[in-house]
Amino acid sequence: MSVHIHAEEGSIAETVLLPGDPMRAKYIAENFFENAVCYNRVRGELGYTGEYKGHRISVQSTGMGMPSATIYTTELICDYGVNKLIRIGSIGGYQDEIKLRDIIVAQATCTDSNMNKIIFNDEISYAPVADFELLKTVDEKGKSLNIPVKIGNVLTTDTFYVWRHDKREQLVKHNVLGVEMEAAAIYTVAARYKKKALAMFTVSDHLVREEKLSPEERELSFNDMVKVALETAIA
């Protein structure tokens, strides 16, 4: 058992989906898995292992933000032997062509967090990137399911409510697709331990046009993202 995940040895699959919300982890286990078993309830961050199309897979909630995502990603890799991690979450859109309910996949991430500055002693602007094979597969699976994905750069931020409009304008100008709060951490930890990671998101809000999905619309559109993520996970 690790500090934040009290799972027995062997109870977590080598491939794990990573939603932030524990209720989303529960929803995925109940609606997409067969023979799902809850292996973790510590701090309310739920984890389940089950089967999807005959493949053993787990889903573990991580909470919000880079510090929390770092904790769960590190423990899953170091204490439970996880090799493939797919982040599934929500994102606020930036670009004109981005619509509500679109699925964005982070090819790379920029960040305003100091976490990687601390790791690299503020001497290198480290670029967290997705695993290429997972990136290629998610594009193929999206097309085969007729659920297109948009691939590009995203911002991982430490601030949810505080927005500097001048900073956002520069991100839009430099073709950053949207903003979220975990991907840079997950990509960095996966790279450190030479594991595969991918982050994908459903556009729940458009921050420039000030649009947002209703709770009902979020649930339906998130289902599409989960389908693409699961098909990518088992490929």
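Here is how the numbers come out for the structure above:
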quantity	calculated
Out of Arg56, Arg43, sole residue that is among the charged types (D, E, K, R), free of Cβ contacts under 8 Å to residues at least 60 places away in the same chain and part of a strand (DSSP E or B)	Arg56
Identity of the residue in the stretch 196-216, of a type in the set (D, E, K, R) and part of a strand (DSSP E or B), that ends up nearest to Phe132 (Cα to Cα)	Lys196
Residue within the stretch 198-207 that is in contact with a Gly (Cβ under 6 Å, 6 or more places away or on another chain), among the aromatic types (Phe, Trp, Tyr) and closer than 19 Å to Ile103 by Cβ present	yes
Residue check, Gly81 at pLDDT 95 or above, small (Gly, Ala, Ser), surrounded by fewer than 18 Cβ atoms within 10 Å (Cβ to Cβ) and within 25 Å of Leu135 (Cα to Cα)	yes
Pairs with Cβ under 6 Å, 6+ apart, first in the stretch 177-198 and under 18 Å from Gly89 (Cα atoms), second in a helix (DSSP H, G or I) and aliphatic (A, V, I, L, M)	Glu182/Ala69; Ala185/Met66; Ala185/Ala69; Ile186/Ala69; Lys196/Leu134; Ala197/Ile186; Ala197/Ala190; Leu198/Leu134
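Conditions (1) within 23 Å of Asn116 (Cβ to Cβ); (2) of a type outside the set (Asp, Glu); (3) within 18 Å of the chain's Cα centre (by Cα); (4) in a loop (DSSP other than H, G, I, E, B), marked per residue:
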{"site": "Ala7", "(1), (2), (3), (4)": "no, yes, no, yes"}
{"site": "Ile28", "(1), (2), (3), (4)": "no, yes, yes, no"}
{"site": "Tyr39", "(1), (2), (3), (4)": "no, yes, no, no"}
{"site": "Glu51", "(1), (2), (3), (4)": "no, no, no, no"}
{"site": "Thr62", "(1), (2), (3), (4)": "yes, yes, yes, yes"}
{"site": "Cys78", "(1), (2), (3), (4)": "yes, yes, no, no"}
{"site": "Gln95", "(1), (2), (3), (4)": "no, yes, no, yes"}
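The values are calculated or read from the model by the stated rules, or taken from the named source; none is laboratory data. Because the structure is predicted, anything quoted here is derived from the model rather than measured. In this analysis, Cβ positions are derived from the backbone assuming ideal geometry, glycine residues included, and neighbour counts consider all displayed protein chains.
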